[in-house]
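The values are calculated or read from the model by the stated rules, or taken from the named source; none is laboratory data. What you see is a predicted model, and the numbers here were worked out from it, not measured in a lab. Cβ: placed from backbone, ideal geometry, glycine included. Neighbour counts: every protein chain shown. When the accessible area is computed, the model is the full protein with side chains, heavy atoms only, and any ligands, DNA or RNA have been set aside. Shrake-Rupley method; radii C 1.70, N 1.55, O 1.52, S 1.80 Å.
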Amino acid sequence: MPLAHLTFATRDIPKSLAFYAATLGWRPIARPGNIGRAAAWLEIAPGQELHLVEVVDFLPSPFEAEFGRHVAFSFPLAEFDELKRRLLAHGAELIQAERQTPFARFFFRDPDGYVFEIVAAERRPET
């Protein structure tokens with residue numbers, strides 16, 4: 001069962017949209033007109049989307065963490081340094097991993113407080 005979309009609340013749609021487009025290269029796409037609040041859709045990969053929905057009083061969960069809620073994406077190891085540079089330049093915070101793994105990875109917190117794990121696309125699954 002493939003992932004269709006994730007929905008994230010944000011207080012600032014234009015800022016969040018710009019962050020994901022500039023750092024992760026996710027492409028803004030058309031969205032339905034029946035939402036009733038500010039929103040934006042981005043294509044993560046073919047058939048996979050991130051839906052941003054404005055929630056004026058949104059606060060991130062204190063459980064956004066490595067051993068809590070986070071979202072993981074594969075990315076080429078050779079491009080990690082450039083990705084980290086873009087993330088920092090656009091207000092993300094890099095987070096030290098709590099657990100060692102046999103493959104390269106890193107965590108970051110986006111400006112809305114969501115935590116992401118970036119794993120080397122070339123990794124082999126842990127056993």
Check your understanding: Does Glu93 qualify as being out of contact with any Leu (no Cβ under 9 Å at 6 or more places or on another chain) and not hydroxyl-bearing (Ser, Thr, Tyr)?
Key -> no
Check your understanding: Does Ala45 count as touching a helix residue (DSSP H, G or I) at 6+ places or on another chain (Cβ under 7 Å), among the small types (Gly, Ala, Ser), on the phi < 0 side of the Ramachandran plot and open to solvent by less than 50 Å² (accessible area, probe 1.4 Å)?
Key -> no
Practice item. Filter region 69-127 down to residues that are closer than 19 Å to Leu50 by Cα and among the aromatic types (Phe, Trp, Tyr) and give me whichever is surrounded by the fewest Cβ atoms within 10 Å (Cβ to Cβ). Key: Phe73
Check your understanding: Assuming Ala18 fulfils every condition listed in (1) open to solvent by 50 Å² or more (accessible area, probe 1.4 Å); (2) more than 15 Å from the chain's Cα centre (by Cα) apart from one, which condition is it?
Key -> (2)
Exercise for review: Considering each of Arg31, Arg11, Arg37 in turn, give the residue that is more than 25 Å from Phe75 (Cα to Cα) and touching a residue at least 60 places away in the same chain (Cβ under 8 Å).
Suggested key: Arg11
**Study point:** Hey, Leu52 closer than 19 Å to Arg86 by Cβ and in contact with a Phe, Trp or Tyr (Cβ under 8 Å, 6 or more places away or on another chain) or not
**Key:** yes
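Does Ala65 qualify as being of a type outside the set (D, E, K, R), at pLDDT 95 or above and either under 16 Å from Phe108 (Cα atoms) or surrounded by 16 or more Cβ atoms within 10 Å (Cβ to Cβ) (or both)?
The answer is no for Ala65.
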